[in-house]
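**Student:** What follows is a single structure, and I will ask about it in a moment.
The values are calculated or read from the model by the stated rules, or taken from the named source; none is laboratory data. Every value quoted in this text rests on a predicted model; they were computed, and no experiment measured them. Because the Cβ atoms are built from the backbone with ideal geometry, glycine has one as well, and the counts that use them run over all protein chains shown. Keep in mind that these areas ignore ligands, DNA and RNA; they rest on the heavy atoms of the full protein, side chains included. Shrake-Rupley method; radii C 1.70, N 1.55, O 1.52, S 1.80 Å.
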Amino acid sequence: MNSRLKSKLEVAAIYLILAVVAVVIFYPLLWTIGMSLNQGTSLYSSSIIPDNFSLEHYQWLFSPESDYLLWYKNSLIVAFANAIGSVVLTAFVAYAFSRFKFVGRKNGLYIFLLLQMFPVMMAMVALYIFLNMIGLLDSLTGLILIYLGGQIPFNAWLVKGYFDTIPKELDEAAKIDGAGPIRIFWSILLPLAKPILAVVALFNFMAPLFDFLLPSIVLSSEENYTLAVGLYNFINDQFANNFTRFAAGSVLIAVPIATIYLFLQRFLISGLASGGTKG
């Protein structure tokens, strides 16, 4: 009887925690969606359930008066370039550390681990000066380069751990058939590493869409803004009170991201589980 009661209490506690987490997650989302459907632009006159539903804010975002589509295009350019570039760079770096023995290999892994311990804020001044020196300040190219370089340490550890789970006997069998390192990498490791590479691509695709701090420092021209910086100006500029438009723009960002998450969730689970077992 006591064990049955204890089991019921544990289940009740789990459901209570899940309910609290659900409220914390979904309440702000419902408020954002509700605010985007309110008429007017004020935050204080908005309600989670609008009295009069309106799509005027979504229509305004796609009107010639708004730069929303330009910011969306900039964000997608950075996101796709970061995702593709990170997958290519990370795959080669992880392959080298997983399959080859060379001078500095162990120290290189420790350096990657050490770099993950420092917050990005510490490098902001240095990155700003560096981009200014090479003439890439206030450009999407400079922003992409920073994203690509900053993601290598974490991604390399993650993908290397996954490569380590792939038996090296496959490499040896391919060598007997005359395959070289590049052929082994392309024909054996990459097909087997699709789950973890999908994880890397997804995470690095999402990062530029949600990041505000780095783009706000690197980008100063309105035509180069990403979505996070552009939407922030809706509520930050003097006399600006466009909270409902800000909410509408945020919703349009979340919908495709959520769709991609649902589509790639099987890769997320298998990739992260295998990549985190070894390192």
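**Student:** Assign one of three labels to the range 12-74, namely rounded, prolate or oblate, based on the Cα gyration tensor with a ≥ b ≥ c the square roots of its eigenvalues; rounded applies when a/c is under 1.5, prolate when it is not and a/b is larger than b/c, and oblate otherwise.
**Tutor:** Oblate, since a/c reaches 1.5 and b/c is not below a/b.
**Student:** Give the residue from 55, 17, 255 lying farthest towards the positive end of the charge dipole for the chain; charges sit on Cβ (+1 for Lys and Arg, -1 for Asp and Glu) and the dipole is referred to the Cα centre.
**Tutor:** 17
**Student:** Now for a different question. Using a Gaussian network model on the chain with a 10 Å cutoff between Cα atoms, which of 227, 114, 148 fluctuates the most?
**Tutor:** Evaluated over the chain, the most mobile residue of the options is 114.
**Student:** Right, another one. Over all directions, average the projected area of the Cα convex hull of the range 170-253 and note it in nm².
**Tutor:** Across all orientations, the range 170-253 yields a mean hull projection of 8.3 nm².
**Student:** Express the accessible area of the chain per residue in Å², computed with a 1.4 Å probe while the remaining protein chains stay in the model.
**Tutor:** So the chain comes to 59 Å² accessible per residue, rounded to a whole number.
**Student:** Hey, can you list the DSSP H helices of the chain whose Cα span along the axis is 27 Å or longer and whose average Kyte-Doolittle score is at least 1.6?
**Tutor:** Flagged H segments are 243-263.
**Student:** Right, next: If I histogram all Cα-Cα distances within the chain using bins 10 Å wide from 0, what percent of pairs lands in each bin?
**Tutor:** Bins of 10 Å from zero give 6, 21, 25, 23, 15, 7, 2, 0 percent of pairs.
**Student:** Now a separate question. Stick to Cα atoms and the Kirkwood definition of Rh, then tell me Rg/Rh for the range 90-172.
**Tutor:** Rg divided by Rh gives 1.09.
**Student:** Run the helix sum for the chain: -39,500 (n - 2.57) per DSSP H stretch of 4+ residues, divided by residue count, reported at 222 nm to the nearest 500 deg cm²/dmol.
**Tutor:** Only helices count here, giving -23000 deg cm²/dmol.
**Student:** Hey, another quick one. For the range 120-229, compute the orientation-averaged projected area of the C-alpha convex hull (one quarter of its surface), in nm².
**Tutor:** 8.6 nm²
**Student:** Also, quick follow-up: Between residue 263 and residue 170, what is 0.36 nm times their sequence separation minus the Cα-Cα distance? Round to one decimal in nm.
**Tutor:** Gain on extension, residue 263 to residue 170, equals 30.5 nm.
**Student:** Across the chain, how many lysine pairs, 8 or more apart or on two chains, come within less than 14 Å at their alpha-carbon atoms?
**Tutor:** Step by step, the pairs that qualify in the chain add up to 6.
**Student:** Further question on the same structure: Send over the per residue convex hull volume for the range 1-160, Cα only, as a whole number of Å³.
**Tutor:** Each residue corresponds to 248 Å³ of Cα convex hull volume.
**Student:** Which order do the peptides 118-131, 184-197 take when ranked by the mean count of other beta-carbon atoms within 10 Å per residue, highest first?
**Tutor:** The densest-packed peptide leads the list: 184-197, 118-131.
**Student:** Let me check against my output: what whole-number percent is the relative contact order of the chain, with C-alpha pairs under 8 Å and at least 6 apart?
**Tutor:** Result for the chain is 31 percent.
**Student:** Right, another one. Determine the share of the chain's accessible area contributed by carbon and sulfur atoms, expressed in whole percent, with a 1.4 angstrom probe.
**Tutor:** Here carbon and sulfur together make up 69 percent of the probe-accessible area.
**Student:** Using packing as a proxy for protection, rank 17-25, 259-267 so that the peptide with the highest average count of other Cβ atoms within 10 Å comes first.
**Tutor:** Highest mean packing first, the order is 259-267, 17-25.
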